[in-house]
Amino acid sequence: MDPLRPANVEELKHLIGIYKQFLPQSIQFVSLLQNILRTNLTLHDTDEEQVSHRLQKTVYIPNNEKGNRLATFVAISREEDQYIFINTLEVPPTELTHALENTTYIKWGIKPMFVIGDNSEIRAKLSQLIVEPKVQFKSSSDCVNYWMPQTEAAKLSYIVPADVDLKPLQVQHAKQLNEWWPYRYRTSQQYFESAIKYFGAFGLFDKTSGELVACVFQNDHDAVGHLYTVPERCNRGYGCTLAKAITKHIAVQYKQDVHTFIDGNNERSIRLFNKIGYKAVSRTEWLVASKY
């Protein structure tokens, strides 16, 4: 018997409730699970092949009769864009380790990207996993999570610079966003298309030419993501306007706290989000699992 099974809607809501007790430090897990719940309900009758595999996630919980009191979960996106999000409140993470080593839901041979919180015990256990094929974990990114409570985020106001118009992004803008993104990969344009279609996304467009010159959207973590301004239009307040606009959108549209994650070396973004009112609360690390 597999040590994991898919969580149903009520079990997923219960899991969210547990992690809400540990806010703001648990914001990345609360937001992720809320995004998965809402997205899965939205995509219920949608053609799966028309949606990015990155958005199509299943949350797995321990396959036992005790209930998930330790809030252990493994969330897995589909194989063409596979991300695996893991966490547990158990110390040491024995239940989670056993699940990772014995589940059939993880395809180790396709180099999945693991996403973990600021948990040194989970990080250490990953490097000791006994699985076939043998894998090693290499850190891809390590970011600080910044948080703003819903009550503050919903009250944000912003001024749109005089030389641009603020508009929602459309699916056709995904190609441009993907070209700007330095981390693009084979299926990343479809990810941008799906995120624009199903989540919030805004752009600033030059009033004269209509050209898109800056963008931001709500990513699959329910976080503020991919904030970008073309180099020749920097230092005009575009980033602040877009960050506030998407933050307020998430807070008002979904009645939830808002977060973003920023590389610790990205001083410019850190200053921007601190200025807006975000607070650093925890960390998130991305690790690639590849065969020896």
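The values are calculated or read from the model by the stated rules, or taken from the named source; none is laboratory data. None of the values given here were measured: they were computed from a predicted structure. Calculation scope for accessible area: heavy atoms of the full protein, side chains included, ligands and nucleic acids excluded. Shrake-Rupley method; radii C 1.70, N 1.55, O 1.52, S 1.80 Å.
Worth a mention:
- At 0.692 mPa s and 37 °C, Stokes D of region 82-213 from Kirkwood alpha-carbon radius, µm² per second: 175
- Max mean-square fluctuation residue, GNM over the chain, Cα-Cα springs under 10 Å, options 110, 196, 86: 110
- Projected-area average for region 18-173 over all orientations - Cα convex hull basis, square nanometres: 12.7
- Helical content of the chain, expressed as a calculated mean residue ellipticity at 222 nm, amounts to -9500 deg cm²/dmol (DSSP H runs of 4 or more residues, -39,500 (n - 2.57) each, divided by residue number, nearest 500).
- For region 150-280, dividing the convex hull volume of the Cα atoms by the residue count gives 108 Å³ per residue.
- Ratio Rg/Rh [Cα only; Rh per Kirkwood] for the chain: 0.97
- Inter-centroid distance (Cα atoms) of region 235-292 relative to region 1-73, Å: 22
- Between the helical axis of 27-42 and the longest alpha-carbon principal axis of the chain there is an angle of about 90 degrees.
- Chain lengthening between residue 175 and residue 286 when straightened (0.36 nm per residue, less Cα-Cα): 37.5 nm
- Length gained on full extension, residue 134 to residue 79: 17.9 nm, using 0.36 nm per residue less the C-alpha separation.
- Folded to 0 to 90 degrees: helix 238-254 orientation relative to the chain principal axis, Cα: 50
- DSSP bridge orientation in the chain - percent antiparallel, rounded to nearest 5: 90
- Counting only protein heavy atoms and a probe of 1.4 Å, the accessible surface of the chain is 49% carbon and sulfur.
- The angle between the Cα long axis of helix 9-20 and the main principal axis of the chain comes to about 70°, on a 0 to 90 degree scale.
- Within region 6-83, the percentage of alpha carbon pairs spaced more than 15 angstrom apart rounds to 57%.
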